[in-house]
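For reference, the structure is listed below as structure tokens.
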Amino acid sequence: MSYTIADRYLIKKLNTNSILKVVLEKGAVSRADIAKILNLTPATVSSNINSLIRDGLVHEVGIGSSNGGRKPMMIELNENGKLFIGVDIHKDGVEAAIVNLAGKILARSERQFNGHSTEFEDDVVACIRNVRDFLPNMKLDGIGVGMHGIVDTNQSISIYAPAMSRRNIALKDYIEKKESLPVFIDNDANAMAIGESWFGQAKGVRNYIFLNVGRGIGSGIVINGELFHGNRYAAGEIGHIRVVESGRRCVCGKYGCLDTVATEYSIIRDVINAIHTGVSSSITELSKGDLSTIDLNMLKEAARLGDKCVLEALDKMGRYIGVAVSYAINMMNPGMIVFGGSMSVLGEYIIESIRSTAINLSLDECAEGVFIVISSLRDNAGVVGAASLGMQNLFKST
């Protein structure tokens, strides 16, 4: 069989991507081991490794051990060979971080919207510039943006950002013009799902769902190793599953959505309401009597102290999430559900009620073998996931 130049280029690109992924997953690895893992010839591996070394993506790190014969030269990822800015945009503000190829955060910045979240683009750019100022001499290779709401990844447009009451925001074009770097944008939960597959619990998992639970609730769905965006880029809106009959009105206009009972805001609201009805809680002392100052760290400390009021509120929240997760398990039959987002800092107090409720309500055949775990990225999932959008593009184009 003869190959055209285009065929040879595509084959080389696929081989290079595969080699880079092996190095990323395995750490220090020899050329011979890479050839064995990928069933490639030693010559093909050496040629591609040399290209990756020239591009600064991998480097040689010394001699490895041998069971006989010549000791191999080990290849390792050059962690700082490429750097990306990850930008996580949520209802109240924006966070940006410089992230390397190992998922390590080198610098970060946060900025609250100044009460004008309907005109937030300048705040986003200001946050990006602030984080760039921490490492002014470092070459950056792109910006990944995880955006609240529905994002058309084909046109790189935010179709609808409900918290900002905005539609059709050309955020990619705006940031690229200001920062002169390529920008990659997706829904925030989708970005977190990608980050989890690169650096977290979902490494090597082909079918999984990432739950982004924070100021709102969304999910990123991965099927056969690829993000599933849905027909209109709106897949994963798990926060709008009804879990309470005749419940509170949601921002979407419906009633009883998961978003109304299982977010950062709702857990704080429930604790405050309980205290106002006379329930005793260490939160009163931790907040020095000012309940408006309650935050997740305060709730975590109260939970650590065994505060019954807070623990019951968290358990109730977990059961609501578990109901929604059971629907997802029955529909998708995933191998893993990852609980992440800002609420994951309280994950150890929520995960069991999520797990037990979801498994009990799911069809046995669908629930068998599913792992329900806390994201290892915790509250870094937003920025690391966003940066992963740029890294993913790098792997596709290498």
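The values are calculated or read from the model by the stated rules, or taken from the named source; none is laboratory data. Every value quoted in this text rests on a predicted model; they were computed, and no experiment measured them. Heads up, the Cβs are rebuilt from the backbone with ideal geometry, glycines too, and the neighbour counts pull from every protein chain shown.
N39 meets each of the listed conditions (1) closer than 20 Å to I143 by Cβ; (2) loosely packed, with under 14 Cβ neighbours inside 10 Å apart from (1). Scan the stretch 292-310 for residues that are without any contact (Cβ under 8 Å) to a residue 40 or more places away in the chain and either surrounded by fewer than 16 Cβ atoms within 10 Å (Cβ to Cβ) or touching a strand residue (DSSP E or B) at 6+ places or on another chain (Cβ under 8 Å) (or both) and the total you get is 8.
Of all residues in the stretch 242-274, which are more than 23 Å from the chain's Cα centre (by Cα) and among the charged types (D, E, K, R)? Within the stretch 242-274, R242, E245, R248, R249, K254, R269, D270 qualify.
Name the residues in the stretch 335-358 that are in contact (Cβ under 8 Å) with a residue 60 or more places away in the chain, touching a helix residue (DSSP H, G or I) at 6+ places or on another chain (Cβ under 7 Å) and not in a helix (DSSP H, G or I), would you? Within the stretch 335-358, I337, V338, F339, G340, G341 meet the criteria.
Matching residues to (1) hydroxyl-bearing (S, T, Y); (2) free of Cβ contacts under 8 Å to residues at least 40 places away in the same chain:
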site	(1), (2)
S46	yes, yes
H59	no, yes
R70	no, yes
I75	no, no
F84	no, no
K91	no, no
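Annotation: of all residues in the stretch 263-291 being among the polar types (S, T, N, Q) and surrounded by fewer than 15 Cβ atoms within 10 Å (Cβ to Cβ), the one that is nearest to A324 (Cα to Cα) is N273. Confirm whether E301 is in contact with a helix residue (DSSP H, G or I) (Cβ under 8 Å, 6 or more places away or on another chain) and either at positive phi or of a type in the set (D, E) (or both). For E301, the condition - in contact with a helix residue (DSSP H, G or I) (Cβ under 8 Å, 6 or more places away or on another chain) and either at positive phi or of a type in the set (D, E) (or both) - is met. Consider the stretch 180-233 and keep the residues that are out of contact with any strand residue (DSSP E or B) (no Cβ under 6 Å at 6 or more places or on another chain) and in a helix (DSSP H, G or I). The one that is surrounded by the fewest Cβ atoms within 10 Å (Cβ to Cβ) is W198.
Once the stretch 67-96 is narrowed to residues that are buried (at least 19 other Cβ atoms within 10 Å of the Cβ) and of a type in the set (D, E), the residue that is farthest from V23 (Cα to Cα) is E95. Taken over the stretch 143-190, the criterion of being under 18 Å from the mean Cα position of the chain (by Cα), at pLDDT below 95 and of a type in the set (D, E, K, R) is satisfied by no residue. Residues in the stretch 234-251 that are touching a helix residue (DSSP H, G or I) at 6+ places or on another chain (Cβ under 8 Å) and part of a loop (DSSP other than H, G, I, E, B): G236, I241, V243, V244, G247, R248, C250, V251.
Scanning the stretch 163-174 for residues that are under 14 Å from E119 (Cα atoms) and either of a type in the set (A, V, I, L, M) or surrounded by fewer than 16 Cβ atoms within 10 Å (Cβ to Cβ) (or both) returns A163, M164, S165, R167, N168, I169, A170, L171, Y174.
In the stretch 361-392, how many residues are more than 13 Å from the chain's Cα centre (by Cα) and either surrounded by fewer than 17 Cβ atoms within 10 Å (Cβ to Cβ) or free of Cβ contacts under 8 Å to residues at least 60 places away in the same chain (or both)? Qualifying residue count for the region: 12. R111: loosely packed, with under 15 Cβ neighbours inside 10 Å and charged (D, E, K, R), yes or no? For R111, the condition - loosely packed, with under 15 Cβ neighbours inside 10 Å and charged (D, E, K, R) - is not met. For the stretch 222-257, a tally of residues being closer than 17 Å to L211 by Cα and touching a Cys at 6+ places or on another chain (Cβ under 9 Å) returns 7. Exactly one residue out of I223, I283, I272 is within 23 Å of A163 (Cβ to Cβ) and not polar (S, T, N, Q): that is I272. Can you say whether Y174 is out of contact with any Asp or Glu (no Cβ under 8 Å at 6 or more places or on another chain) and more than 21 Å from A381 (Cα to Cα), as far as the supplied structure shows? Judged against the criteria, Y174 is not a match.
Could you go through the stretch 363-372 and let me know if any residue there is in a helix (DSSP H, G or I) and charged (D, E, K, R). Checking the stretch 363-372: at least one residue is in a helix (DSSP H, G or I) and charged (D, E, K, R). From the list G253, G335, G318, the one residue that fits, being surrounded by fewer than 17 Cβ atoms within 10 Å (Cβ to Cβ) and at pLDDT 95 or above, is G335. Considering the stretch 104-172, the qualifying strands (runs of 3 or more DSSP E), each wholly inside and each with 2 or more residues that are farther than 20 Å from K91 by Cα and in contact with a helix residue (DSSP H, G or I) (Cβ under 8 Å, 6 or more places away or on another chain), run over 105-112.
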